[in-house]
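So the structure is just underneath, and the comments pick up after that.
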Amino acid sequence: MDMKVLTVLGPMNAEYSNVPAPAPKGDMIKIKVMRTGICATDFAIFTGDCSFVRSGEIVYPVRFGHEFSGIVTEVGENVKDFKPGDRVYTDNGVSCGTCDACRDGRYGVCLNSRSVGTVNCWEGCFAEYMYMPERHTYHIPDGLSYEQAALIEPTSISLDAFTGVERKPGDVAVVIGTGAIGMASAWLAKYFGYEKVIVVGRSAPKLDVARKIGADDVISSREVDPVEAVMAVTNGKGADLVIETSGDRSALVQGINFTAKFGHISALSFYEYELNGMPIDRIVLNRITLRGGAGCFGYPQKVAKIMTEHKIDLTPVITHMVKFDDCLDFFKNEEKYHGAKVKAMVVFDD
Ligand SMILES: [Zn+2]
Ligand SMILES: [Zn+2]
């Protein structure tokens with residue numbers, strides 16, 4: 001049997017094609033894709049304006065797409081815990097399964113790991129079917145929709161913003177950026193009990209979405225100076241946790257300038273270029289901790305659990321639904337949607 005896939009052949013050049021979709025073998029699971037989230041990284045791969053394309057870690061042609069949920073249709077002969085009809089999500093990194101670390105079950109440190117649809121590409125989910133080893137596949141908890149499950153991957157990146165950060169009563173979190181990672185960061189900050197969660201962004205419709213997923217306050221960086229606004233709202237103290245998700249280097253500098261003494265900044269975006277003009281003395285004087293964050297092995301399951309517990313629904317971040325057949329058009333016309341788009345979700349035929 002065949003399946004339809006979307007592959008990027010080079011910058012601004014992608015095409016649908018039909019490729020074989022054989023029965024899975026061994027520990028592999030064949031999954032019919034139900035929803036695929038479209039990520040900024042997918043656009044960067046499509047346009048070619050992606051640091052991993054420049055570094056040679058992503059090589060065309062790329063079967064891209066890395067945020068999905070689906071339903072099991074067939075399993076290999078060694079699969080134990082999954083059967084056809086099971087609803088599933090997966091890890092984003094696929095370990096080799098044979099190195100010393102993998103034989104120990106420490107898949108997160110496998111040096112031969114491949115990322116779904118991106119670096120050292122494992123065939124991605126702009127496709128009717130995905131293949132995934134059982135060790136990287138998880139059951140979607142009861143009560144979560146396919147849309148929610150497809151948001152687990154980006155939210156697991158947001159979760160890393162909180163790693164090693166001790167929250168004290170009254171702490172304020174400020175999120176810069178209104179993409180899906182920023183929204184999920186604000187949503188998690190509410191879950192973790194921050195006294196006040198503030199989202200800084202430029203687009204009014206996206207700031208409205210930020211309020212829907214729980215932001216207590218929003219700051220339009222088009223209208224006011226974010227540093228002055230955050231200082232005013234925190235009575236001159238600054239933010240205890242700043243989560244920078246915009247990928248704009250000047251926004252990172254602003255974040256440093258409104259971080260409280262002994263505060264933390266988690267940078268979750270790719271900036272694509274080096275940063276000059278870093279206000280290093282401010283970091284020194286205020287004993288600020290600046291750290292990067294990315295997806296970690298084990299985080300998707302934590303996010304799935306939080307989704308079942310959190311009183312606030314994250315799905316208002318899905319601002320656009322796109323049929324798989326219309327997906328390429330959507331990529332070609334992204335600028336038409338950009339001003340109001342937080343997360344676009346691809347729907348496949350049942
Ligand atoms: Zn992504
Ligand atoms: Zn390995």
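Each reported figure results from applying straightforward, stated rules to the coordinates on display, with no laboratory input. No experiment lies behind these values; they were computed from the predicted model shown. Don't worry about glycine lacking a Cβ; one is built from the backbone with ideal geometry, like all the others, and counts go over all protein chains shown.
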Original post:
For ASP160, ASP248, what's the fewest-to-most ordering of other Cβ within 10 Å of each Cβ?
Top reply: ASP248, ASP160
Subject >> Cα-projected label distance for VAL284 with ARG202, points at 7 Å along beta-carbon direction, nm >> reply: 3.3 nm
Original post:
What FRET efficiency do you get for VAL119 and MET1 if R0 is 22 Å and r is their Cβ-Cβ distance, rounded to the nearest 0.05?
Top reply: 0.15
**OP:** Arrange ARG114, ARG291, ARG35 by Cβ neighbour counts within 10 Å, fewest through most, would you?
**Re:** ARG291, ARG114, ARG35
**OP:** Distance between Cα centroids, segment 258-319 to segment 182-213: provide it in whole Å.
**Re:** 13 Å
Original post:
Among the lysines, which fall within straight-line cross-link reach of LYS25, defined as a Cα-Cα distance under 24 Å, with same-chain neighbours fewer than 8 residues apart omitted?
Top reply: LYS4, LYS80, LYS83
**OP:** Before anything else, pin down the relative contact order of segment 158-292: Cα pairs under 8 Å, at least 6 apart, normalised by residue count, whole percent.
**Re:** 23 percent
Original post:
What FRET efficiency, computed as 1/(1 + (r/R0)^6) with R0 = 51 Å and r the Cβ-Cβ distance, is obtained for LEU111 and ASN276, rounded to the nearest 0.05?
Top reply: 0.95
Original post:
Tell me, what is the percent relative contact order of the chain, built from C-alpha pairs under 8 Å that lie six or more residues apart?
Top reply: 17 percent
Subject >> Order of ILE58, ILE312, ILE283 under a 10 Å beta carbon neighbour criterion, fewest first >> reply: ILE312, ILE283, ILE58
Subject >> Additional length obtainable on full extension of the chain from SER220 to ASN13, 0.36 nm per residue less Cα span >> reply: 71.0 nm
Subject >> Efficiency of FRET from Cβ geometry, SER55 and ALA340, R₀ 25 Å, rounded to 0.05 >> reply: 0.20
